[in-house]
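The values are calculated or read from the model by the stated rules, or taken from the named source; none is laboratory data. Fair warning: this is a prediction, and the values are worked out from it, not measured in the lab. Because the Cβ atoms are built from the backbone with ideal geometry, glycine has one as well, and the counts that use them run over all protein chains shown. Surface areas here come from the heavy atoms of the whole protein model, side chains and all, with no ligands, DNA or RNA. Shrake-Rupley method; radii C 1.70, N 1.55, O 1.52, S 1.80 Å.
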Amino acid sequence: MEEPKGEVEVDIVAFRGISKKTAQFYNIHTKFVDGEEYERAFNYGKAWKVKNVADKRKQGCEGDFRAAGLYGQNLFDPGSLPSVTIFEGEEDAAAGYEMLRGRSACVSLKSGAGSAFRDLSRPDIYDYLNSFERIYICFDNDEPG
């Protein structure tokens, strides 16, 4: 990721209908350049995914992203809630958590629906998901989903 030019500030803020409280829970950091949203960083525990706000195709990772589990998995202990809901993206997981008022462990795939089989068949992730009574899948209504 290229470093922006201008005055840079990083904060945890409400965005796209996701409250600041939920952004704090998921540890989502927003980078502002000259007061405008520039990047959003999503914490995977020991790794971060950083996405450009204007062009989500511009993204990068920091830390051991390969070993990271599902987004949000580090926030919910196995079987800690009656259900787990799997989303395609990080923002969707945070929005789902807010919509469901924390009654389901809301997690997302690392790289959208195209990575579903790879992500969900990993033994550690499979065991994690299997620890919940119910598993809901909430993918987009498009070809990959």
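Structure values in brief
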{"quantity": "Tally, over the stretch 77-111, of residues that are more than 14 Å from T22 (Cα to Cα) and either open to solvent by less than 20 Å² (accessible area, probe 1.4 Å) or not hydrophobic (A, V, I, L, M, F, W, C) (or both)", "calculated": "16"}
{"quantity": "Conditions (1) surrounded by fewer than 16 Cβ atoms within 10 Å (Cβ to Cβ); (2) within 15 Å of the chain's Cα centre (by Cα); (3) in a helix (DSSP H, G or I); number of the one not met by G114", "calculated": "(2)"}
{"quantity": "Yes/no for D127 being in a helix (DSSP H, G or I), open to solvent by 20 Å² or more (accessible area, probe 1.4 Å) and among the charged types (D, E, K, R)", "calculated": "yes"}
{"quantity": "Qualifying residue in the stretch 135-144 (condition: open to solvent by 20 Å² or more (accessible area, probe 1.4 Å) and at positive phi)", "calculated": "no"}
{"quantity": "Residue pairs meeting the criteria (Cβ under 8 Å; at least 6 apart or on separate chains; first open to solvent by 100 Å² or more (accessible area, probe 1.4 Å), in the stretch 52-63; second part of a loop (DSSP other than H, G, I, E, B))", "calculated": "K58/M1"}
{"quantity": "Every residue from the stretch 1-51 that is of a type in the set (D, E) and surrounded by 16 or more Cβ atoms within 10 Å (Cβ to Cβ)", "calculated": "E39"}
